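Worksheet: the structure to be examined is printed underneath.
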Amino acid sequence: MLDALLVQRVARAHGFQRAGRLIRDRVLELADQHHHVQQSGDDGAFVWHAEDDISGWSTYRIPVSANDARSIEEICAEELRIAAGIIDAADPALEVARLLGVKRLTGAARERIERILRG
């Protein structure tokens, strides 16, 4: 899970509309103590249950409803690579986005997908 999304969800679960620096720092401190936080360069950080989960990751998630849709920035590189692995298309970035329920592929999202797929 993207670190910013985790902070937002924890803050909302405790009745806060916004998560300031103190809440963010505390949530991420606890995440770092009890889970694995993977820095992803310019993409932010993703919180995994355990470090071994990264190398063993083999699935991608599609949204059940429109409310479950994620932005490309909220999807870890491992999941994007796995989704791309089943696609045979002229425009893999667009097809990955469609598969994962992204309604509109922005330039920044396309760049992220293409960078990850090249890497």
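For every residue, the table says whether it meets (1) free of Cβ contacts under 8 Å to residues at least 40 places away in the same chain; (2) surrounded by 15 or more Cβ atoms within 10 Å (Cβ to Cβ); (3) in contact with an Asp or Glu (Cβ under 9 Å, 6 or more places away or on another chain); (4) farther than 27 Å from ARG9 by Cβ.
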| site | (1), (2), (3), (4) |
| --- | --- |
| ILE82 | yes, yes, no, no |
| ALA90 | yes, no, no, yes |
| GLY107 | yes, no, no, yes |
| ARG112 | no, yes, yes, no |
Leading residue by the ranking (nearest to TRP48 (Cα to Cα)) among those in segment 86-100 that are part of a helix (DSSP H, G or I) and among the small types (Gly, Ala, Ser): ALA97
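Can you tell me which residues in segment 101-119 are part of a loop (DSSP other than H, G, I, E, B) and under 26 Å from SER65 (Cβ atoms)?
Residues of segment 101-119 part of a loop (DSSP other than H, G, I, E, B): 101-106, 119.
Across segment 101-119, the qualifying residues are GLY101, VAL102, LYS103, ARG104, LEU105, THR106.
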If I filter segment 1-19 down to residues being assigned to a helix (DSSP H, G or I) and among the basic types (Lys, Arg), which single residue comes out as nearest to GLU74 (Cα to Cα)? ARG9
Odd one out for ILE23 among (1) closer than 29 Å to LEU105 by Cα; (2) part of a helix (DSSP H, G or I); (3) of a type in the set (A, V, I, L, M, F, W, C): (1)
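The rows are residues; the columns are (1) among the acidic types (Asp, Glu); (2) assigned by TED's automatic domain parsing to the domain that holds ILE75; (3) loosely packed, with under 10 Cβ neighbours inside 10 Å.
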{"position": "ARG12", "(1), (2), (3)": "no, no, no"}
{"position": "PHE16", "(1), (2), (3)": "no, no, no"}
{"position": "VAL27", "(1), (2), (3)": "no, no, no"}
{"position": "ALA31", "(1), (2), (3)": "no, no, no"}
{"position": "VAL37", "(1), (2), (3)": "no, no, no"}
{"position": "ASP42", "(1), (2), (3)": "yes, no, yes"}
{"position": "TRP48", "(1), (2), (3)": "no, no, no"}
{"position": "ASP52", "(1), (2), (3)": "yes, no, no"}
Looking at ALA83 and the list (1) part of a loop (DSSP other than H, G, I, E, B); (2) not assigned by TED's automatic domain parsing to the domain that holds ALA31, which single condition is not satisfied? (1)
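The values are calculated or read from the model by the stated rules, or taken from the named source; none is laboratory data. In this text, all values refer to a predicted model and were calculated from it rather than measured experimentally. Because the Cβ atoms are built from the backbone with ideal geometry, glycine has one as well, and the counts that use them run over all protein chains shown.
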